[in-house]
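The values are calculated or read from the model by the stated rules, or taken from the named source; none is laboratory data. What you see is a predicted model, and the numbers here were worked out from it, not measured in a lab. Here the Cβ positions follow ideal geometry from the backbone for every residue, glycine too, while neighbour counts run over all protein chains shown. Keep in mind that these areas ignore ligands, DNA and RNA; they rest on the heavy atoms of the full protein, side chains included. Shrake-Rupley method; radii C 1.70, N 1.55, O 1.52, S 1.80 Å.
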Amino acid sequence: MVGLRGAPALERLRIASERVLVGRDPGCALVIADPTVSRRHAYLWVEDGQLVVEDAGSSGGTYVNGVRVERQVVLPGDSLRFGVRAAYSVEIDGASSALGRAALAAGADTFRHLNMLLDVARTLNSTTVLSEVLEVVLQAAVRLVAADQGCVVLRDEQGQRRIAAVHPAHQSETSWGEESTLLDRAMAERRTITAEAGTNPDMSAIVRGFTSAVATPLLVARRHLGTGGRDSSFAARVEVLGGILLERRGVATSFRSEELAVFESLAADAAVAIDSARLYRESRAKARIEHEMELARTIQRALLQQPPGTAFCDVCALSAAARTVGGDLYHGFLRHDGTLAVAVGDVAGKGVAAALIMAMAQGLLAMLHDLGVPLNELAHALNRNLARFNPGNRFLTLAMALIAADGRAEVLNAGHCPAAVLRRGGHVELVPPGGAILGILDGLEWETSVLRLGKGDALVLYSDGIVESFAPDGSMFGEEGVRKALQARAGLAPPAIAEGLMIAASNHRHGGDPDDDVTILVASYRG
């Protein structure tokens, strides 16, 4: 049988196999008159010689050694708490349990060490926060050998050592731990090393006035997980995460073998917990970044709205980013004078930085078209504003056009891929750039080209992700590939022309992913 002793004060309670209800209600077998204890708080009973506690849905919680539990085996020496204040210790009544008999046979120190390892193991299993892991491990190690000071040292990504936890916690000077020669040896030799004043007088801890010190490495085993064949291996490599250093003054006795064995066991559990906490932190950071990138992609999709259709023109646009978000843009706007404005642009680079510039360019285009700014002046306004808010010197190439109801099309190309005019009969005309890229230099000029679209003709704007599609042999799709793909789709509707050009570039890559963002806009004149 086992018993409880603690506060609020009550007579020693003996618990057998029958379930005992604990709570504030007078009908409970164990009544605890504490406001933080629920009326029906928890159950206690003995099963296979061990005390079991099970929370009964309490509001204040049931705790074993400070950790909230739902159901838990409670060992002799454990702290059992109901709510905030009702704390009790578990005691052995004779040697009625296997653990109790083992404790009586092993002696007080061994039992204390076993309880310490169990306490630490429970706590490490219940936390994924690295700082909490380090604190639990260091405090247990300090108690184990009655150390005056100690530290946990970890290696960073560059292999440099840094203090991750220190005892006493208020110490401001920690170079003694980072520069410890004893810890150097322990990590290099991958074993526990001790130093005492009489036997190791040159160790840095002894030189600093401590009578004895011990250091052990934090080791984890890793096995390379390949895809099979030569990449797979059953051989593990041992990685040194860091080490634990403990130093003490005035203790005349040497470190006992039992203490060192428990210390090494503690370090082994700590290394696994530290490694897991690091991986958890990295996975959380990765998940947060992925979530933010998905939000960015959603916002970018909202910005890339299909251009409006008109009574005289059908429009379709397609875009695929090489990464989660991209730097390509397409734009369509029906101006107040009745003309349809269309554009395709490409910000230098890929990813988030390019996507931010792309969003700014989209907003500027919408505002300038809404104001009815002429095409040539619009290029100057874009150039000035992009240069003003562009710390990374990320330039924009842009092909844009104004299409009127009578088929007149004014095209301005600022360093972008040649615009293509696909005639209804299959002839393709390429309109080369009429000026430099946007967002870098002031004082530039851009020329516009005026075209006449007939019924069934289509203006096709595309990004360099189409042109620079490479086959496995290194050949580029190029402008000739664009010309042939468009000729084969003359007279078709805009979606068929855009999808056909996209498929032709993909076929040239033999189905491989594009190296750059890919965007196509097709405006077909209805007459």
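With R₀ set to 25 Å, the beta-carbon distance separating residue 487 from residue 436 gives a calculated FRET efficiency near 0.25.
Ranked highest first by the average count of other Cβ atoms within 10 Å around their residues, in what order do 142-154, 446-458, 162-174 fall?
So the peptides 142-154, 446-458, 162-174, ranked by packing, come out 142-154, 446-458, 162-174.
Heavy-atom accessible surface of the range 383-527, averaged per residue, reaches 44 Å², computed with a 1.4 Å probe. A straight chain from residue 509 to residue 447 at 0.36 nm per residue would run longer than the Cα-Cα distance by 18.9 nm. Here the spin labels are modelled as points 7 Å beyond Cα on the Cα-Cβ line, and at residue 199 and residue 59 they lie 5.9 nm apart. Coupling constants for the range 160-176 follow from the phi torsions by the Karplus curve (6.51 cos²θ - 1.76 cosθ + 1.60, θ = phi - 60°), and in residue order they are 7, 8, 8, 6, 9, 7, 9, 10, x, 5, 7, 5, 9, 9, 10, 4, 4 Hz; glycine and proline get x.
Sorting 38-46, 426-434, 307-315 by their mean Cβ neighbour count within 10 Å, with the most densely packed peptide first, gives 38-46, 307-315, 426-434.
Mind ordering 256-265, 212-221 by average Cβ neighbours within 10 Å, highest first?
212-221, 256-265
Cα gyration tensor of the range 334-484, axes a ≥ b ≥ c as square roots of the eigenvalues: rounded (a/c below 1.5), prolate (a/b > b/c) or oblate? Here the range 334-484 falls in the oblate category.
Placing +1 on the Cβ of every Lys and Arg and -1 on the Cβ of every Asp and Glu, with no other charges, gives the range 16-87 a dipole of roughly 300 debye about its Cα centre.
In this structure, the amide hydrogen of residue 37, modeled 1.01 Å from its nitrogen in the peptide plane, lies closer than 5 angstrom to no residue at least 5 positions away or on a different chain. The portion of the accessible surface of the range 137-220 made up by carbon and sulfur, rounded to a whole percent, is 46 (1.4 Å probe; DNA, RNA and ligands excluded).
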